[in-house]
Amino acid sequence: MLLNLASCQKCKGDLVHQGDEWRCLQCGTYYYPKAQQFPEAIYPRKTWSINASIQATQASEVRWQSSNREIIEQLSAGSTTRDIASLTNHSPRRIQSVKERLLQAL
Ligand SMILES: [Zn+2]
């Protein structure tokens, strides 16, 4: 069951989704999404911004993984920082920071 807390325009009550309409649990007012009478109830801004930040995190994670792919592969294969540094021409400091980030993600 979908709930939209403190979203009633009349009484700031909680809306419950029933069929294609929202009803306030406290005062019983109905809101119909099709009439666009209550857009905030269907797409609360809070939800959007949370989703957006999750997507941003994932996108930067993907970029980070692809730019460090060589290092990650070598680390997974059990190579030492020094081996990876000579194989990939990356600085030991960078390899160390990749290693730390991978450990944090575990
Ligand atoms: Zn209400």
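The values are calculated or read from the model by the stated rules, or taken from the named source; none is laboratory data. This structure is a prediction, so every number in the text was calculated from the model and none was measured. Positions of Cβ are generated from backbone atoms using ideal geometry, with glycine treated the same way; all protein chains shown enter the neighbour counts.
The condition (being within 16 Å of the ligand (Cβ to nearest atom), over 23 Å from the mean Cα position of the chain (by Cα), modelled with pLDDT under 85 and not in a helix (DSSP H, G or I)) is satisfied by just one residue among GLN37, GLN9: GLN37. Scanning segment 40-64 for residues that are modelled with pLDDT under 85 and either among the polar types (S, T, N, Q) or under 15 Å from SER97 (Cα atoms) (or both) yields THR47, SER49, ASN51, SER53, GLN55, THR57, GLN58, SER60, GLU61.
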